[in-house]
Amino acid sequence: MTIAQSNPEPSSPCIIFIEMKVDTMHYIKLGKTGLDVSPIAIGAMTYGEPERGHPVWSLGESESRPLIKHALDAGINFFDTANMYSQGSSEEILGRALINYAKRDDVVIATKVRHPMRPGPNGKGLSRKAVLAEIDHSLQRLGTDYVDLYLIHRLDNTTPLEETLEALHDIVKAGKVRYLGASSMHAWEFSKALHLQKANGWARFVTMQNHYNLLAREEEREMLPLCIDEGIGTMVWSPLARGRLARAWSDIKSTIRSGNDGFADMLYTELTADSDRAIIDAVGVIAKARGVSRAQIGLAWLRRNPVVVAPLVGAGNVQQIDDAIASLEIELSDEEARAIESPYTPRHDFQGISDDKELNRIMAKLPGFKPAGT
């Protein structure tokens, strides 16, 4: 892309449209839809004022904007955020940057709903009232009149599923949302939702955002086969296992984020440390032999599974974006794939956690986490 002038300050009204490099980025369809997305998505949880709420390691606006611009310049058109990230600050920062740097029709914006946004009744969850209110709040923060993809951020066990699905259908028909998605649940729960949507003629989920990487492959048992059968494309969170696949075993706690990511310690425990270390070492061997980064190998492995549409790359620097783009050129051999897959051992599946008590227990372990409204 060509940039017309230097990056404006966050408060500047200047708009700089970026000519996307469609000749160098190969766009793909999201599942069975006609929607064109880049095979790399930017996970915008990384962008948000840290003092606003989780995560404490997020980047403020002045640091985030150049990275969003760089992603656009590389041809990435797929951006994922959520209302809860930094209590809305992520949506605000992403929205302002895309207004300044992109044409709205060129980019695909995804955001999510479910987690607490304010204290008191109806401040969280997937009730009809919450869904209809939160989509409007997200649109306001993003500075757009529609989002391309609206996902439920796990299930809400306190609300009838039919109520949630009909509310989602209604905001699609109202023109506020183009497509729907779901995230992190058991395969039987996702199958039930898809069945209800089809039986009632409601807009269906077209994507599943789930936890999948070389250190977390439990989704291969049920969820990914279901998605293939239903024509659902997946968006992968933590595609590099919270950075573990991007560096040597001895350095897995060497960054600001990894040193303040309590959730990572729950996902990747001492129970599987021997297996994890063997996988990480094998990734390093292949990366060294090919003369590329470990991150490129980890992301290239995901592309071997056709159900994966795009990993969510929470890029905190330009090199991480460039590594993700470079991974698109790497085709691992079957022998290389076996070398990094074979040490894997079964482990606890984190996908189905939707109970508020369990989620609150997890949130309490996150450094600096502040409940909504505090």
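Summary of computed values
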| read-out | value |
| --- | --- |
| Residue 254 vs. criteria at pLDDT below 95, of a type in the set (Ser, Thr, Tyr) and open to solvent by 60 Å² or more (accessible area, probe 1.4 Å) | yes |
| Residue 121 being surrounded by fewer than 22 Cβ atoms within 10 Å (Cβ to Cβ) and either within 21 Å of residue 318 (Cα to Cα) or in contact with a Leu (Cβ under 6 Å, 6 or more places away or on another chain) (or both) | no |
| Residues located in the stretch 234-249, provided they are at positive phi and either of a type in the set (Val, Ile, Thr) or touching a strand residue (DSSP E or B) at 6+ places or on another chain (Cβ under 6 Å) (or both) | 238, 241 |
| Selected residue [within 16 Å of residue 354 (Cβ to Cβ) and either touching a Lys or Arg at 6+ places or on another chain (Cβ under 6 Å) or open to solvent by 20 Å² or more (accessible area, probe 1.4 Å) (or both)] from 165, 126 | 126 |
| Residue ID - farthest from residue 70 (Cα to Cα), chosen from residues in the stretch 32-54 that are over 16 Å from the mean Cα position of the chain (by Cα) and in contact (Cβ under 8 Å) with a residue 40 or more places away in the chain | 32 |
| Condition met for residue 276 (among the acidic types (Asp, Glu), open to solvent by 10 Å² or more (accessible area, probe 1.4 Å) and out of contact with any Asp or Glu (no Cβ under 9 Å at 6 or more places or on another chain)) | no |
| Lone qualifier among 346, 306, 311 - being surrounded by fewer than 14 Cβ atoms within 10 Å (Cβ to Cβ) and under 21 Å from residue 30 (Cα atoms) | 306 |
| Hits in the stretch 50-86 - residues which are assigned to a helix (DSSP H, G or I) and farther than 23 Å from residue 37 by Cβ | 50, 51, 52, 61, 62, 63, 86 |
| Cross-chain or 6+ apart pairs with Cβ under 6 Å, the stretch 69-91 first and farther than 16 Å from residue 41 by Cα, then among the aliphatic types (A, V, I, L, M) | 83/113; 83/117; 85/45 |
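Results for (1) at pLDDT 95 or above; (2) touching a Leu at 6+ places or on another chain (Cβ under 7 Å); (3) farther than 22 Å from residue 299 by Cα, shown as yes or no for each residue.
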site: 4; (1), (2), (3): no, no, yes
site: 16; (1), (2), (3): no, no, yes
site: 33; (1), (2), (3): yes, no, yes
site: 38; (1), (2), (3): yes, no, no
site: 44; (1), (2), (3): yes, yes, no
site: 61; (1), (2), (3): yes, no, yes
site: 69; (1), (2), (3): yes, no, no
site: 76; (1), (2), (3): yes, no, no
site: 88; (1), (2), (3): yes, no, yes
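For every residue, the table says whether it meets (1) surrounded by fewer than 21 Cβ atoms within 10 Å (Cβ to Cβ); (2) among the β-branched types (Val, Ile, Thr); (3) in contact (Cβ under 8 Å) with a residue 40 or more places away in the chain.
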| residue | (1), (2), (3) |
| --- | --- |
| 186 | yes, no, yes |
| 202 | yes, no, no |
| 217 | yes, no, yes |
| 221 | yes, no, no |
| 227 | no, no, yes |
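The values are calculated or read from the model by the stated rules, or taken from the named source; none is laboratory data. Keep in mind the model is a prediction, meaning the values are calculated, not measured. Neighbour counts run over all protein chains shown; Cβ positions are idealised from the backbone, glycine included. We work out accessible area using only protein heavy atoms, side chains counted, and drop any ligands, DNA or RNA first. Shrake-Rupley method; radii C 1.70, N 1.55, O 1.52, S 1.80 Å.
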